[in-house]
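These notes concern the structure reproduced below.
The values are calculated or read from the model by the stated rules, or taken from the named source; none is laboratory data. Note that the structure is a prediction, hence the values are computed from the model and not measured. For neighbour counting, all protein chains shown are included, and Cβ atoms are generated from backbone atoms with ideal geometry for every residue, glycine included. Just so you know, the surface numbers come from the protein's heavy atoms only, side chains and all, with ligands and any DNA or RNA stripped out. Shrake-Rupley method; radii C 1.70, N 1.55, O 1.52, S 1.80 Å.
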Amino acid sequence: YTQGNIELEPSYSHNASLTAVLFGRLSLTGGYNRTANFNDIQTPLLDQSTGVMGLIYSNAGVQQIAYATASLSELPLTKWWNFTVNATYSYSRFDAYRELAEKYYGQPYSSSSHSMSAYASTTFFLPKDFKFGIDGWISTPQVAGYFNVRTIGMLNLSLIKTLWDGKGTLALYVYDLLNTCDSDLDMYTGDVKTYSILQRQSNGGVTLAFTWRFGNGG
């Protein structure tokens, strides 16, 4: 079960980043984020007599993330093909507030991870005003508070037909083609896995969309 916490306090984040843009399409970014009173996680509660386990929101500790990102936007590989990609490396560290950690685990708690995430999309410009697109993203395991987030990703397809000199579009989208967008979480006490949440989300699907921009465009 999950329950709220009326004593939950606000969390506060401080962010700093620096970005350089090269050749009009390539951008490089480095940044740092520190969140105090981190409350985007839940602390497990276990009733030893019944075995029932629950989750309660809490101001658990301090989450810090340092990251570096490289992004290349709409690079024209040929007249009929372009490509966009960005990749991020991040180092995450979570330090639990000592009093809370000792209350639930009997010892101080901290965790850290190195992770990568990437997004890529490519578009093929076909005859008869058709466009075929492929896009996807992936994120490797990382820590978020007390939880370790497993690898997650998604692959999508699109087919778009432009009508009436650009005033209309007919589009077919296919989402989560490989059924990989499940956000699974694990919790460890030392080296022992003590808790898992397996979340089976319904992100896959097919959408057919029609858009018509009417008017004189003035």
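State the extension gain, in nm to one decimal, for the chain segment bounded by R25 and L159, taking 0.36 nm per residue of separation less the distance between their alpha-carbons.
Values: separation 134, 0.36 × 134 = 48.24 nm, distance 2.50 nm.
Roughly 45.7 nm would be gained on extension.
FRET efficiency for the E102 to H14 pair, using the beta carbon distance and R₀ = 30 Å, is estimated at 0.65.
What's the carbon and sulfur percent of the chain's accessible surface, probe 1.4 angstrom, rounded to a whole number?
58 percent
Evaluated at q = 0.12, 0.19 Å⁻¹, the base-10 log of the normalised Debye intensity for segment 60-184, with identical point scatterers placed on the Cα atoms, takes the values -0.64, -1.05. Amide H to amide H distances under 5 Å link D184 with R150, Q199, where only residues 5 or more positions off or on other chains count and H is placed in the peptide plane. Compared with the alpha-carbon gap, the fully stretched path from S202 to L177 is longer by 7.8 nm at 0.36 nm per residue. Summarised as an ellipsoid, segment 1-83 has semi-axes of 43, 18, 9 Å, derived from the eigenvalues of the Cα gyration tensor scaled by 5 and square-rooted, with the largest first.
Counted residue by residue at 0.36 nm each, then reduced by the alpha carbon distance between them, the extension gain from E7 to T84 reaches 23.3 nm.
Rg and Dmax over the alpha-carbon atoms of segment 57-128 stand at 21.1, 67 Å. Couplings 3J(HN,Hα) for segment 3-8, derived from phi with the Karplus relation 6.51 cos²θ - 1.76 cosθ + 1.60 (θ = phi - 60°), are 9, x, 8, 5, 9, 5 Hz, where x marks Gly and Pro. Which percent, to the nearest 5, of DSSP beta bridges fully inside the chain are antiparallel? The antiparallel proportion sits near 100 percent. Hey, of (1) -0.48, -0.83, -1.11, -1.40; (2) -0.65, -0.94, -1.09, -1.23; (3) -0.67, -0.83, -0.96, -1.13, which did the structure itself give for log10 I(q)/I(0) by the Debye sum over Cα atoms at q = 0.10, 0.13, 0.15, 0.17 Å⁻¹ when calculated? Here log10 I(q)/I(0) by the Debye sum over Cα atoms at q = 0.10, 0.13, 0.15, 0.17 Å⁻¹ agrees with entry (2).
Size descriptor for segment 158-218, Kirkwood hydrodynamic radius: 15.4 Å (Cα pairs only, one decimal). Our summary gives the chain a relative contact order of 12 percent, counting only alpha carbon pairs under 8 angstrom and 6 or more residues apart. The 3J(HN,Hα) values that the Karplus relation (6.51, -1.76, 1.60; θ = phi - 60°) gives for segment 63-74 are, in residue order, 10, 10, 9, 10, 8, 9, 10, 10, 9, 10, 10, 6 Hz. Gly and Pro appear as x.
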